[in-house]
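Note sheet for the following structure.
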Amino acid sequence: MKNHLEIVSLADRTTNHGIIGKSFTQNGFIEIIKKFSKTNATILITGESGTGKELIAGAIHKFSGRRGEFVVVNCSSIPEHLIESEFFGYAKGAYTGASQNRPGKIRKAINGTLFLDEIGDLPLTQQSKLLRFLQNKEVQTIGSDTTFTANTRVVAATNKDLQKLISEGRFRKDLYYRITQAHVHLPPLRERLEDIEDLTLYFVKKICNDIKIDSDNLLEVLTQKIYKELAQKDWPGNVRQLENEIFKFLVIGEDGNLAERTLLSQKETRNTEISSGENLNLYVNIVALEKKLIKEALARHSGDNRKAAKDLGINYQTLAKKIKNYQI
């Protein structure tokens with residue numbers, strides 16, 4: 001997350017913390033984020049949906065050597081009236097229902113990294129409170145008179161044009177300058193097609209491992225012709241869409257080998273024949289993985305089925321049917 005970006009090469013996953021793709025090594029991208037990581041600067045990551053902003057944030061945290069946790073907050077999924085308590089926590093008795101002390105995400109990420117995803121969706125009323133924390137690093141828990149200093153590093157991300165939001169009065173200019181002490185932009189997949197081969201290899205191995213099938217034969221038939229055909233697609237959903245299509249191909253594709261079908265298959269789910277214990281185990285693994293992907297997509301889009309369906313690369317009716325069948 002749910003890591004959907006890439007690493008330098010399949011043999012170098014550990015060193016580069018999940019960043020896959022020739023484009024990232026050849027343009028010095030990894031060296032740049034390593035330098036950013038060693039500072040305490042607040043970093044803004046921009047890029048279209050599905051380009052891997054959370055993965056890069058996680059890599060920054062790992063490169064930094066910070067011993068605290070990597071804590072993720074999706075700013076678009078928290079009701080406005082709960083954002084302050086989510087960030088700063090609350091003390092027992094602060095309000096009705098506060099039966100015990102609850103540390104906020106900032107405190108949870110002390111000596112670590114707080115990743116604020118979709119910061120462009122943070123309401124104006126809460127932007128000033130976040131700005132105040134970024135300026136003085138002090139936290140006051142709701143319902144408490146005491147403050148404490150939090151050595152929490154903040155990395156933010158958005159797929160929106162923050163300058164446009166500023167001009168519309170929907171995002172604070174002073175907060176913008178505070179979160180862009182360092183700026184990382186992730187290009188869409190259509191602008192780095194040279195990464196298709198490494199990504200395809202990685203996702204085939206990853207998905208086969210998830211559903212417990214042997215990937216060796218599949219990897220043998222991946223050809224330059226297939227990579228070339230994949231590179232001709234526009235990929236509006238970026239790396240996440242590529243992973244989803246590989247998943248659909250491996251899990252619900254028609255019979256036949258990879259070279260014949262290619263990864264461009266857009267087939268709908270076929271009925272799964274369960275004729276042996278082995279097939280039953282495979283079916284159970286597939287269902288579990290598919291449910292997991294659907295839940296993650298719904299969470300990313302705050303329960304919006306249409307956006308989740310687009311994210312997954314399936315039509316709305318198919319997703320609605322799966323949600324009903326899986327009782328999600």
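The values are calculated or read from the model by the stated rules, or taken from the named source; none is laboratory data. Everything numeric in this text was worked out from a predicted model, so none of it was measured. In this analysis, Cβ positions are derived from the backbone assuming ideal geometry, glycine residues included, and neighbour counts consider all displayed protein chains.
Condition check ((1) at pLDDT below 90; (2) surrounded by 15 or more Cβ atoms within 10 Å (Cβ to Cβ); (3) in contact with a strand residue (DSSP E or B) (Cβ under 7 Å, 6 or more places away or on another chain)) across all residues:
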| position | (1), (2), (3) |
| --- | --- |
| 7 | yes, yes, yes |
| 29 | no, yes, no |
| 60 | no, yes, yes |
| 75 | no, yes, yes |
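Taking every residue in the range 314-328 that is over 14 Å from residue 292 (Cα atoms) and assigned by TED's automatic domain parsing to the domain that holds residue 246 and pairing it with any residue that is among the basic types (Lys, Arg) and surrounded by 13 or more Cβ atoms within 10 Å (Cβ to Cβ), at least 6 positions away or on another chain, the pairs with Cβ-Cβ distances below 9 Å are 314/248; 314/322; 316/310. Here residue 53 passes the criteria (1) over 21 Å from the mean Cα position of the chain (by Cα); (2) modelled with pLDDT of 95 or more except the one numbered (1). Does residue 246 fit the bill of being surrounded by 19 or more Cβ atoms within 10 Å (Cβ to Cβ) and at pLDDT below 95? Taking the combined requirement at face value, the residue satisfies it. Closer than 25 Å to residue 315 by Cα, surrounded by 17 or more Cβ atoms within 10 Å (Cβ to Cβ) and modelled with pLDDT under 75: is that true of residue 211 in this structure? So residue 211 passes the test.
Strands (runs of 3 or more DSSP E) fully within the range 101-177 that include at least 3 residues being modelled with pLDDT of 95 or more and among the hydrophobic types (A, V, I, L, M, F, W, C): 113-117, 153-158. Which numbered condition trips up residue 92, out of (1) modelled with pLDDT of 95 or more; (2) among the basic types (Lys, Arg); (3) surrounded by fewer than 17 Cβ atoms within 10 Å (Cβ to Cβ)? Condition (1) is where residue 92 drops out. Could we say that residue 192 is touching a Ser or Thr at 6+ places or on another chain (Cβ under 8 Å), basic (Lys, Arg) and surrounded by 20 or more Cβ atoms within 10 Å (Cβ to Cβ) here? Spelling it out, residue 192 is indeed touching a Ser or Thr at 6+ places or on another chain (Cβ under 8 Å), basic (Lys, Arg) and surrounded by 20 or more Cβ atoms within 10 Å (Cβ to Cβ).
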